[in-house]
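Since every read-out is calculated from the coordinates, none of them should be taken as a lab result. Computed from a predicted structure; not experimentally measured. Methodologically, a virtual Cβ is constructed for each residue, glycine included, from the backbone with ideal geometry; neighbour enumeration extends over all protein chains shown.
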Amino acid sequence: MTIKDNESVDLVTPSGPMRTHIFRPNAPGRYPGLLLFSEIFQVTGPIRRTAALLAGHGFVVAVPEIYHEFEPACTVLAYDQAGADRGNALKTTKELAHYDADARAVLDFLKTHPQTTGTLGAIGICIGGHLAFRAAMNPDVAAAVCFYATDIHKRGLAKGMNDNSLDRAGEIKGELMMIWGRQDPHVPAEGRALVYKTLHEKGLNFTWHEFNGQHAFLRDEGPRYDPALALTCYGMALELFKRKLGQGDLPAAETGKAESRH
């Protein structure tokens, strides 16, 4: 289906206004809501295309700027060393509580958006995978997909680099999908093993997927992009979200037949 991809809203958070970009189906009706967390580079072209893909499959997608306290609205960090250095520095400057408050602000926005059904999911990439993991600790998140979630295994998120994500994993009540690349140096085999062990011991409802892929294999820019693998993973994520969140509603035409959304 066609989408609208030029909307944004400034959400109120304890650490200041947070520019959040909205991608949603163009057709009338109500749809499940998805919180999409970006990489450390914020809302880049590849992240916008991921959001558009999800919206085109029938979701209202909200993408917050994760470093809104530190950067002017609409700042996009470049996919170069300077951009990576800035993103990594801010990752461990931001307070852990502010990451969580940001997630709650977006979830509350999606829950009350006039075009959503109120059912909620979360998805994230790199640091966003970790943030989606933490967002799933909110009881109204029915499903979450985490792409090569960094720093969970080493408790390295936020100021102080001593996050409690593994300790709080048992709070996740929805279904969780963890996706990893075996050739990802940021999350080595022993790190993945620790995360798996924790999720298993805490009795979470999760699926675990490891592929021969590098860090950032989902990003459709740069030499590490794997289009075939990305397509497979998008398919798995969409299946989970449609199964757990539903597919919204279809407005009935005067004839009593459902209108097409395409």
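Worth pointing out:
- Modelled this way, with points 7 Å down the Cα-to-C-beta line, the labels at Ala73 and Leu231 are 3.9 nm from one another.
- Annotation: for a label point projected 7 angstrom from Cα along Cα→Cβ of Lys111, residues of the stretch 136-173 with backbone N closer than 19 Å are 136-145, 171-173.
- Beta bridges per DSSP with both ends in the chain, % antiparallel, nearest 5: 30 percent
- Using a simple spin-label model with pseudo-atoms 7 Å out from Cα toward Cβ, Glu7 and Gln81 lie 4.2 nm apart.
- Theoretical FRET efficiency, 1/(1+(r/R0)^6), r = Cβ-Cβ of His209 and Thr93, R0 22 Å, to 0.05: 0.10
- Close amide H contacts of Phe206 (hydrogens built in the peptide plane, cut-off under 5 Å, sequence separation of 5 or more or a different chain): Leu176.
- Segments 118-124, 16-22 sorted - mean Cβ within 10 Å per residue, highest first: 118-124, 16-22
- Two-site FRET efficiency, Leu238 against Lys173, from Cβ-Cβ distance with R₀ of 25 Å, rounded to 0.05: 0.70
- Nitroxide proxy distance, nm - points 7 Å out along Cα→Cβ at Ala101 and Glu201: 3.2 nm
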